[in-house]
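Engineer: Would you mind keeping the following structure in view while I ask a few things?
The values are calculated or read from the model by the stated rules, or taken from the named source; none is laboratory data. The structure displayed is predicted, hence computed values, not measured ones. Quick reminder, even Gly has a Cβ in these numbers, built from the backbone with ideal geometry, and neighbours come from all protein chains shown.
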Amino acid sequence: MKIALLGYGKMGQEIHKLAEKRGHEIVMIIDNDEEWQDKGHLLKEADVAIEFTTPDSAVDNIMHCFEANIPVVVGTTGWIEDIEEIRQTCLNEHKSLFFSPNFSIGVNLYFELNRFLASLMAKWDNYEISIEETHHIHKLDAPSGTAIVLANDIIRYNERKEKWVKELQENPDEVGIKSYRSEDVPGTHVVRYESEMDAIVITHTAKTRRGFVLGALLAAEWIKGKQGFFEMKDLLNSQKSTA
């Protein structure tokens, strides 16, 4: 498979290494907006693009892929306010996009665990709920896209919670998300239910970036030849159905 890499930070470089180990060819690398003028024509040689850049660049990069009719796998977060418009463009124009705030298989299993725990705890209003997330200092958006998914799923199952907010709060209507940035931390997420008597805590800790990299490549391999807007649940469900 021929891959275009949009973004060549630590994730892009790791994807490059693993892609070649899996027998794929990197036909284009774009690391800033200016390089589109010099190398943008190479995009049409790719079977799929993988996009890990910045919130300011993600939407433009997606549109470049749509214009070239190239499926695109997007791991950039922080552009959620545009996602519904992009989703509709993708579906209306018969394009192909795979988006996930986190491509780790373990994190997506953690999402399922979070939803189950949220439904289990919905009737126990003596537990306050909070989320903490820690990432490397180069991550620009806070809270992380993963933390926002966790919070929104809690709100979905808990009628007491109306919204999430930055920082930990005592307002019973809100889910507080506390963000930390530390040197070279791939990602840690903690969901905490705490009462006066005890605490229930579920944690996911990424040890390396390899889990994210493998998930992104699995998504790229899976989306080739498909049309539509896809998420990790689509990939995981398809693997369950063929297991």
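Engineer: Would you mention how many residues in region 59-102 are within 23 Å of N152 (Cα to Cα) and not in a loop (DSSP other than H, G, I, E, B)?
Structural biologist: Counting residues in region 59-102 that are within 23 Å of N152 (Cα to Cα) and not in a loop (DSSP other than H, G, I, E, B) gives 15.
Engineer: Across region 28-57, what is the number of residues that are surrounded by 13 or more Cβ atoms within 10 Å (Cβ to Cβ), over 29 Å from H136 (Cα atoms) and not basic (K, R)?
Structural biologist: Adding up the residues that qualify gives 6.
Engineer: Could you check how many residues of region 40-54 are more than 18 Å from I223 (Cβ to Cβ) and either assigned to a helix (DSSP H, G or I) or not assigned by TED's automatic domain parsing to the domain that holds E221 (or both)?
Structural biologist: Adding up the residues that qualify gives 3.
Engineer: Further, regarding this structure: Mind checking whether some residue in region 158-170 is part of a loop (DSSP other than H, G, I, E, B), hydrophobic (A, V, I, L, M, F, W, C) and at pLDDT below 95?
Structural biologist: For region 158-170, residues part of a loop (DSSP other than H, G, I, E, B), hydrophobic (A, V, I, L, M, F, W, C) and at pLDDT below 95: present.
Engineer: Answer yes if at least one residue in region 181-196 is more than 21 Å from the chain's Cα centre (by Cα), farther than 22 Å from D82 by Cβ and either part of a loop (DSSP other than H, G, I, E, B) or small (G, A, S) (or both), and no otherwise.
Structural biologist: Looking only at region 181-196, we keep the residues that are more than 21 Å from the chain's Cα centre (by Cα), and these are 192-196.
From the residues that got through so far, the ones that are farther than 22 Å from D82 by Cβ too are 192-196.
If we keep only those that are either part of a loop (DSSP other than H, G, I, E, B) or small (G, A, S) (or both) too, we end up with 195-196.
Yes, that holds for at least one residue.
Engineer: For region 18-27: of the residues being assigned to a helix (DSSP H, G or I) and in contact (Cβ under 8 Å) with a residue 60 or more places away in the chain, which is surrounded by the most Cβ atoms within 10 Å (Cβ to Cβ)?
Structural biologist: Narrowing region 18-27 to residues assigned to a helix (DSSP H, G or I): 18-21.
Subsequent filtering for residues that are in contact (Cβ under 8 Å) with a residue 60 or more places away in the chain retains 18-19.
Details: L18: 14, A19: 21.
Checking each candidate, the answer is A19.
Engineer: Still on this structure, please answer the following. If the requirement is being in contact with a Gly (Cβ under 8 Å, 6 or more places away or on another chain) and closer than 20 Å to E167 by Cβ, which of these qualifies: E128, E133?
Structural biologist: E133
Engineer: Answer with yes or no whether V201 is part of a strand (DSSP E or B) and among the β-branched types (V, I, T).
Structural biologist: yes
Engineer: Report yes if L109 is free of Cβ contacts under 8 Å to residues at least 12 places away in the same chain and not assigned by TED's automatic domain parsing to the domain that holds S57, otherwise no. Before you say what the answer is, go through the steps one by one.
Structural biologist: On the way: free of Cβ contacts under 8 Å to residues at least 12 places away in the same chain: yes; not assigned by TED's automatic domain parsing to the domain that holds S57: yes.
The answer is yes for L109.
Engineer: Okay, next question. Among the residues of region 177-217, how many are surrounded by 14 or more Cβ atoms within 10 Å (Cβ to Cβ) and at positive phi?
Structural biologist: Residues that pass the stated criteria total 1.
Engineer: Another question, if that's okay. When region 52-87 is examined, which residues are found to be without any contact (Cβ under 8 Å) to a residue 60 or more places away in the chain, closer than 15 Å to E231 by Cβ and out of contact with any helix residue (DSSP H, G or I) (no Cβ under 7 Å at 6 or more places or on another chain)?
Structural biologist: Scanning region 52-87 gives I83, E84.
Residues checked against (1) assigned to a helix (DSSP H, G or I); (2) crowded, with 18+ Cβ neighbours inside 10 Å; (3) within 21 Å of the chain's Cα centre (by Cα):
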position	(1), (2), (3)
N108	yes, yes, yes
N114	yes, yes, yes
N126	no, no, no
I129	no, yes, no
H135	no, yes, yes
H138	no, no, yes
P143	no, yes, yes
L150	yes, yes, yes
